[in-house]
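Structure first, then comments.
The values are calculated or read from the model by the stated rules, or taken from the named source; none is laboratory data. The shown structure was predicted, so the numbers you read here are calculated from the model rather than taken from an experiment. Heads up, the Cβs are rebuilt from the backbone with ideal geometry, glycines too, and the neighbour counts pull from every protein chain shown.
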Amino acid sequence: MDAKYKRVMIKLSGEALAGEQEFGIDPATVQQISESVKEVYVHDVEISVVVGGGNFWRGRQGFGMDKSTADYMGMLSTVLNALALQDALEQMGVPVRVQTAIEMKEIAEPYIKRKAMRHLEKRRVVIFAAGTGNPFFTTDTTAALRAAEIDADIILLAKNVDAVYDSDPAINPNAQKFDHLSYLDVINKGLKVMDSTAITLCMDNDIPILVFGLDNPDNILRAVNGEQIGTLIEG
Ligand code: GTP
């Protein structure tokens, strides 16, 4: 089957790597996610990944810490996740390059857009770590920024819910699921999909976002093949 999207940005939350344990890295979960990524990789899709760090550190933990310091700690936690993903994918035979937005050359190569593009062309998965390198920006914004820079066809926003709803489906059994939304709908309805910086960056650069759940391991492949899953945000 021919993939609908040829170059994708997969955004994974840090929590997605923690599995049931909710903190740190669950090896079986990382393995399962990596298998899902490999399924897409073998379909000749160019894959970039941004991973969050919330399984180690949430930027706004609220005990009076300086915001920038808290955000830098969050950026470092994304590096732990990127290295774990790199390792799992490489053990499956998928070539990976990690690039960090904050230079830490002994650990990974620094983010260089042109090098990232070459890696993608040479069929390497590129994982962008350490956020944008700046405090006050989320990893969702990192995904939007890198997707714009590398000209990705779509952002695949893997969540722990299967789509965007008008209220929390875990609390409200009558929550309404959206199949399609515009960027402005997300902003105007105050839907908690991505932060507003990330959404407007996608809007300004015409990058569609597909929000879906990782409950089904085939969902990343289904998303890349253009199947109607989750919620598509565009236009
Ligand atoms: P090509 O030039 O396209 O062949 O890419 P390549 O990534 O295979 O070649 P390169 O010689 O740049 O990198 C070889 C290995 O070293 C890869 O695993 C890179 O991720 C890694 N690498 C490259 N630059 C750095 C760096 O600055 N720091 C660290 N830690 N690793 C690096």
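Out of segment 102-143, which residues are under 14 Å from residue 49 (Cβ atoms) and not β-branched (Val, Ile, Thr)?
108, 111, 116, 119, 120, 124, 128, 129, 130, 131, 140, 143
What do you reckon, is residue 48 closer than 14 Å to residue 126 by Cα, in contact with a strand residue (DSSP E or B) (Cβ under 8 Å, 6 or more places away or on another chain) and small (Gly, Ala, Ser)?
Judged against the criteria, residue 48 is a match.
Those residues that are of a type outside the set (D, E, K, R) and closer than 27 Å to residue 118 by Cβ, I need them from segment 2-16; list them, please.
Residues satisfying the conditions are 3, 5, 8, 9, 10, 12.
Considering every residue within segment 158-174, establish whether at least one is within 25 Å of residue 99 (Cβ to Cβ) and at pLDDT 95 or above.
Checked against the condition, which is being within 25 Å of residue 99 (Cβ to Cβ) and at pLDDT 95 or above, segment 158-174 yields at least one hit.
Can you tell me which residue is farthest from the chain's Cα centre (by Cα) among those in segment 11-64 that are among the small types (Gly, Ala, Ser) and over 23 Å from residue 100 (Cβ atoms)?
That would be 64.
Which one is farthest from the ligand (Cβ to nearest atom), of the residues in segment 43-95 that are polar (S, T, N, Q) and outside any helix (DSSP H, G or I)?
61
Being near the ligand (Cβ under 8 Å from one of its atoms), surrounded by fewer than 19 Cβ atoms within 10 Å (Cβ to Cβ) and of a type in the set (A, V, I, L, M) is the filter here, so list the residues in segment 105-122 that pass it.
107
Pick out the one residue from 126, 98 that is assigned to a strand (DSSP E or B) and near the ligand (Cβ under 8 Å from one of its atoms).
None of the others qualify; the one that does is 98.
Looking at 170, 175, 198, 143, can you tell me which residue is closer than 21 Å to residue 37 by Cβ, of a type in the set (Gly, Ala, Ser) and not in a strand (DSSP E or B)?
Going through 170, 175, 198, 143 in turn, the sole match is 143.
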